[in-house]
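The values are calculated or read from the model by the stated rules, or taken from the named source; none is laboratory data. For clarity, every value in this text was computed on a predicted model and none was experimentally measured. Counting neighbours? That spans all protein chains shown, and the Cβs are built from the backbone with ideal geometry, glycine included.
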Amino acid sequence: MRNYYLVGEIGKHAKLRFHVHPHMLRHSTGYYLANRGYDTRLVQDYLGHKNIAYTVRYTRTAVICLEGLWRR
């Protein structure tokens, strides 16, 4: 419970306009690893997901990765 409180307070201190909770750190790690090109199975193992379906959500391509794709 203390972590939940601390992360929430840090979000307030940063003046974020949305409620922050510890699980967001887990999500951001998943998106970060996927967008850096790490294999989905590796991300699955790192996050401790038993079912790959929970990991696949992080593999959505970031918009920034698509920038300039057709201009090359």
>> Restricting to the range 17-30, and then to whatever is surrounded by 11 or more Cβ atoms within 10 Å (Cβ to Cβ) and either in contact with a Ser or Thr (Cβ under 9 Å, 6 or more places away or on another chain) or among the hydrophobic types (A, V, I, L, M, F, W, C) (or both), can you tell me which residue is farthest from Arg60 (Cα to Cα)?
In response: Val20
> Of all residues in the range 41-63, which are touching a residue at least 12 places away in the same chain (Cβ under 8 Å) and within 13 Å of the chain's Cα centre (by Cα)?
Replying inline: Val43, Tyr46, Leu47, Thr55, Val56, Arg57, Tyr58, Thr59, Arg60, Thr61, Ala62
> In the range 31-46, which residues are surrounded by 14 or more Cβ atoms within 10 Å (Cβ to Cβ), of a type in the set (A, V, I, L, M) and modelled with pLDDT of 90 or more?
Replying inline: Leu33, Val43
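Among residues belonging to the range 47-72 that are exposed (fewer than 10 other Cβ atoms within 10 Å of the Cβ) and modelled with pLDDT of 85 or more, point out the one that is nearest to Met24 (Cα to Cα). Spell out the reasoning first.
Step one: list which residues in the range 47-72 are exposed (fewer than 10 other Cβ atoms within 10 Å of the Cβ), which gives 48, 50-51, 53, 63-64, 66-72.
From what's left, modelled with pLDDT of 85 or more: 48, 50-51, 53.
On the way: Gly48: 15, Lys50: 19, Asn51: 19, Ala53: 18 Å.
Residue satisfying both the conditions and the ranking: Gly48.
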